[in-house]
Amino acid sequence: MQLKRPRSPLHLGLMAASCALLSDSARAQAAPDDAAEKPLQIDTDLLYYKENAGRVQTIEPVVSLKKDFGDQRLLDGTLTLDTLSGATPNGAIPSRKPQTFASPSSTSLTPKPGYKTTLYTIAPGDLPQDPHFKERRVAGDLDWSQPIGLDNTVSYGGHASTEHDFDSVAVHVGLSHDFNEKNTTLSAGINEEYDRIHAHGGNPVAGSDYALYEKEPSQTKNLAGGLIGVTQVMRRNWLTELNYTFDHSQGYLTDPYRIISVLDDTGAVTGYRYENRPDTRTRQSLYWVNKVALGPTVLDLSYRRGKDSWGIGSDTVDAKLRIDLGSGMSLEPHARWYHQSAADFYNLYLSETGPAPTYMSADPRLAAFAATTFGLKFGIATRRNGELSLRLEQYQQRPSDQASSLAELQGLDLNPNLKATIVQLSWHLEY
Amino acid sequence: MRRRAGAGRRHAFTALLAAVLLLVAISPPAPAASGAELLDLAAFKGQVVYLDFWASWCAPCRQSFPWMNRLQGELGRDGLVVIAVNVDRERADADRFLHEHPAQFRIVYDPDGLLPEKFGVRGMPTSFLIDRSGHVQARHEGFLVRDRDALTQQVRALVLAH
Amino acid sequence: MRIQSIARLAILLSLMLGACGCTSLGVKPWQREILARPEMALNAAPIDAAIDDHIYFSKEAASGGRSFAGGGCGCN
């Protein structure tokens, strides 16, 4: 199961937050007055992410450069490298009997001359996971923003990423307008993305019988989206932003690696099917964020409500409190609560009796669950207006449906809780 | 069942938002405008005044200060007076800025913001070019590096005009 | 045409913001000393935010909102 990166953030919402021509770095340093004071910012980060039960693990270095060409003309480039390994659930549920699957890179389910078959067997009661998962991904982002007149900013940029089974390119354009003495900012943006999916071993025919192991050549999908937002200075110490986002995807939206167990009336496995998702998806979200300064402490509080055409509704509450410890040190506790409802076509398993549904998926990411994150970030100021920080977080997902009343499934945890540890080291420098 | 729960959440959220906005709608009254005791421009009649409003937290001000130093140095003997009004709430912040960007011109401290209110400042930084009879000839919002030369020319023209 | 409930919520919020006389909200241009602090910027830690978005995008069905949604293998 791969970690894929969405679009780079749109900087527009920042514009209302500060004085007319305030650059992102408001830290004071003497410098020649010809160019911007500290025109170059370099950020290097290292992320370590590890899930429980031998699941996904990733190490991800990120390098980001931001150059100010004077008068708020900014160029921002980021390079991300991702190496992922570990076991990833394949969508089938645990069973009382051992289960054998072929790794997706296999070209045949059963050993045959001239074909590659890598099988893995899951012990009774264990969650079926493919232990051969290994991926390396490279992603790049480039963004430009500049003012138009005193009250407007335009920004545009692109993103590209590649890995063994997935390539993506995307572009975005945004515009923002300040008024009310820069107390209010209106933003709007659009983005377009084009992806190619060429799974290891080929993309399976969606909804087909796993035993047939039918594969197809690469598929594509694309996404078009838009955002409108308003940022408002509420008080001297309180800034708020409200964003409405909308996007529509179409094409191959199915996960090429996931299957769904087919069970008889007692709960014994009779086979598997490849999952099949609709070929369109429309999503909307409303995001409300607040920044409140309480003396030297800053509270970041946000709420997001999401809904999509697959029937998934979500609520997210995120809170961070940045505490100034003095001497350039800071501590920031973080808490996030998340809840989502299941997709209309999500099921833990399929029953072999009764008609097969058109769309089906047992992907835990489409299930109903609640998730929490608790974290702490410690930062210390360094030379060159820099900062070194360490962030430690613990993420936990608790699905709603984890058991079944079927005889063969008694006592089995069909969708176990997920736990992940996040460690991030960051280094910020200015030249 | 799912829909009902969602509607309940939304109503709670809307009620919370309404409460928050109600609190915010009550804004404190504006202070009485004054400022004459801080700065009396009449005292500078006969000279050209470059009146600048700055703050320690205003990034472009770090570039405007060396420029204003040069301007004061070049045109001081011809009758230019640069006056920079500081609007920091905390004097310590202004002092820290001045330590890093020394000023060879007059500084006026206005922590209550009486002068920017009186002059109708709409953005930071803002500068006013005032002629020898005390009339505002030009007003500049912001300090852009690309406009610097044109601004220098404008000040020079007004000071050296006879 | 049926308006989605989120769009309805957005319209409701905007109307409420307008009704409270939001044009009178805000601060004078010289009163932005707190807002000018780097930690008060809405994207104060952009890489942290990008990393978080990346993680939650691959583990959850909802994504984005603060930036553009999308990307990834379509596995959500």
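Just so it is clear, none of the values below were taken in a lab; they were calculated from the coordinates. Quick caveat: nothing in here was measured; it's all calculated off a predicted structure. Don't worry about glycine lacking a Cβ; one is built from the backbone with ideal geometry, like all the others, and counts go over all protein chains shown.
Numbers at a glance
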{"read-out": "Label-to-label distance, nm, for residues given as A:ASP167 and A:ALA53 (7 Å Cα→Cβ offset)", "value": "3.6"}
{"read-out": "Values of log10 I(q)/I(0), in the order q = 0.09 Å⁻¹, for region A:182-326 under a Debye, Cα-only, solvent-free model", "value": "-0.50"}
{"read-out": "FRET E, pair A:THR372, A:LEU40, Förster distance 41 Å, beta-carbon r, rounded to 0.05", "value": "0.60"}
{"read-out": "Residue-averaged beta-carbon neighbours from other chains (10 angstrom radius) around A:283-293", "value": "6"}
{"read-out": "Gain in span if fully extended, A:THR382 to A:GLN146, counting 0.36 nm per residue against the direct Cα distance", "value": "82.0 nm"}
{"read-out": "At R0 = 51 Å, FRET efficiency that the Cβ-Cβ distance of A:GLU216 and A:LEU299 yields, to 0.05", "value": "0.50"}
{"read-out": "Extension gain, A:ASP265 back to A:ALA160 (0.36 nm per residue minus Cα-Cα distance, nm)", "value": "33.1 nm"}
{"read-out": "Distance (nanometres) between label positions extended 7 Å along Cα→Cβ at B:ARG146 and B:GLU74", "value": "2.1"}
{"read-out": "Kirkwood Rh in Å, taken over all unlike Cα pairs in chain A", "value": "24.1"}
{"read-out": "Globularity index of region B:44-160, i.e. its alpha-carbon radius of gyration over 2.2 N^0.38 Å", "value": "0.99"}
{"read-out": "Inter-part distance where region A:337-392 and region A:173-232 are each reduced to a Cα centre, Å", "value": "18"}
{"read-out": "Kirkwood hydrodynamic radius over Cα pairs of region A:283-377, then Stokes diffusion coefficient at 37 °C and 0.692 mPa s, in µm²/s", "value": "205"}
{"read-out": "Cα centre as origin, Lys/Arg/Asp/Glu Cβ charges: chain A dipole, Debye", "value": "620"}
{"read-out": "Sequence ranges A:405-414, A:313-322, ranked by mean other-Cβ count within 10 angstrom, highest first", "value": "A:313-322, A:405-414"}
{"read-out": "Other protein chain Cβ atoms within 10 Å, averaged over every residue that makes up A:304-312", "value": "5"}
{"read-out": "Candidate lysines - alpha carbon under 28 Å from A:LYS215, same-chain residues fewer than 8 apart omitted", "value": "A:LYS4, A:LYS97, A:LYS112, A:LYS116, A:LYS134, C:LYS59"}
{"read-out": "Rounded, prolate or oblate (a/c below 1.5 giving rounded, otherwise prolate when a/b exceeds b/c) for region B:40-111 by Cα gyration tensor", "value": "oblate"}
{"read-out": "Amide H within-cut-off set for A:ILE312, under 5 Å, with H built and near neighbours excluded", "value": "A:ASP344"}
{"read-out": "Computed Kirkwood radius, in angstrom, where 1/r is averaged over Cα pairs of region A:165-260", "value": "16.5"}
{"read-out": "Region A:355-431, Rg to Rh (Cα coordinates; Rh as Kirkwood inverse mean 1/r)", "value": "1.29"}
{"read-out": "Residue-averaged beta-carbon neighbours from other chains (10 angstrom radius) around B:57-69", "value": "6"}
{"read-out": "Region A:144-171 and region B:73-129: distance between their alpha carbon centers, rounded to Å", "value": "39"}
{"read-out": "Residue exposure sequence - A:ILE59, C:ILE51 - by fewest surrounding Cβ within 10 Å", "value": "A:ILE59, C:ILE51"}
{"read-out": "Separation in nanometres of the label points that stand 7 Å from Cα toward Cβ, at A:ILE190 and A:ILE228", "value": "1.4"}
